[in-house]
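Below is one structure, written out as structure tokens; the observations come after it.
The values are calculated or read from the model by the stated rules, or taken from the named source; none is laboratory data. Because the structure is predicted, anything quoted here is derived from the model rather than measured. Reconstructed Cβ throughout: ideal geometry from the backbone, glycine too, with neighbour counts over all protein chains shown. All accessible areas refer to the heavy atoms of the entire protein, side chains included, with ligands and DNA or RNA removed. Shrake-Rupley method; radii C 1.70, N 1.55, O 1.52, S 1.80 Å.
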Amino acid sequence: MAYIDASSLKTYLGVSGSGDDTLLGTFITAAQEAIDQYYLRTFEASANTVRYFDAVRDVSGRRLMLDRDLCSINSITNGDGTTVTAGQYTTYPRNDTPYYAIDILASSGINWEWEDDSEGAIAVSGKWAYSTTAPTSVVYLTKWLAAFMYRAKDNVPATGGGAGVAAAVDILAGDVPADIRIVMSTIPRRAVF
């Protein structure tokens, strides 16, 4: 799911007509991918997907450590094939998203299990992102970066360069205007362990 659409970018740019819609879509995609790479996270998810976890390496006691942000849990299947119900676990953090871990409640009487192999034994289905909708600051940054690439399209040498994801990440890491740097400072980067 895109953080912004071509219509909102055209409004931001003051552009009308549909002649550049494909190009704008390319810049939106590149901007979003660059933001995700720069902040080490995906900021929005609308569909459930499944990620698999090792019942030994990803578990510490009753805690299952997640490798990505998780903003909504659809279902959890323990390594022995049984469903872990919402009444049998709690999330960490408990009152906010994204979640970083899932803790089996001591009162549940269950543990993280596996049968034949621990690798990929636990399945967690949910929305793997920071949120179900991108934060306002991320939407604004996406518009700014896509607009920057659109405006710069005619200034790129014919022999190389361009407004790809790598170039966009370089832009974010470089010397951006002060107002954009302030917006960027409000967006949390994902910690990598």
> Counting only residues that are surrounded by 18 or more Cβ atoms within 10 Å (Cβ to Cβ) and under 28 Å from residue 121 (Cβ atoms), how many does region 42-65 have?
Replying inline: 8
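So which of 96, 116 is open to solvent by 70 Å² or more (accessible area, probe 1.4 Å) and within 29 Å of residue 188 (Cα to Cα)?
Working: 116 fails: within 29 Å of residue 188 (Cα to Cα).
Result of the check over 96, 116: 96.
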> Identify, please: which residue in region 83-93 is open to solvent by 70 Å² or more (accessible area, probe 1.4 Å) and part of a strand (DSSP E or B) and is, among those, farthest from residue 48 (Cα to Cα)?
Replying inline: 92
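Taking the criterion of being open to solvent by 80 Å² or more (accessible area, probe 1.4 Å) and among the β-branched types (Val, Ile, Thr), would at least one residue in region 155-177 satisfy it?
yes
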>> Between 187, 171, which is touching a Pro at 6+ places or on another chain (Cβ under 9 Å) and either of a type in the set (Val, Ile, Thr) or assigned to a loop (DSSP other than H, G, I, E, B) (or both)?
In response: 187
> If you go through region 119-141 one residue at a time, how many are surrounded by fewer than 23 Cβ atoms within 10 Å (Cβ to Cβ), among the hydroxyl-bearing types (Ser, Thr, Tyr) and under 11 Å from the mean Cα position of the chain (by Cα)?
Replying inline: 3
> Would it be correct to say that residue 141 is part of a helix (DSSP H, G or I) and modelled with pLDDT of 85 or more?
Replying inline: yes
> Could you count how many residues in region 49-82 are in contact with a Lys or Arg (Cβ under 6 Å, 6 or more places away or on another chain) and either outside any strand (DSSP E or B) or among the basic types (Lys, Arg) (or both)?
Replying inline: 1
> Hey, among the residues in region 9-41 that are under 17 Å from residue 129 (Cα atoms) and in a loop (DSSP other than H, G, I, E, B), which one's least open to solvent (accessible area, probe 1.4 Å)?
Replying inline: 41
> Are there any pairs with C-beta distances below 9 angstrom linking a residue in region 139-154 that is under 14 Å from residue 5 (Cβ atoms) to a residue that is open to solvent by 70 Å² or more (accessible area, probe 1.4 Å) and not in a helix (DSSP H, G or I), with the two at least 6 apart or on different chains, and if so which?
Replying inline: 139/133
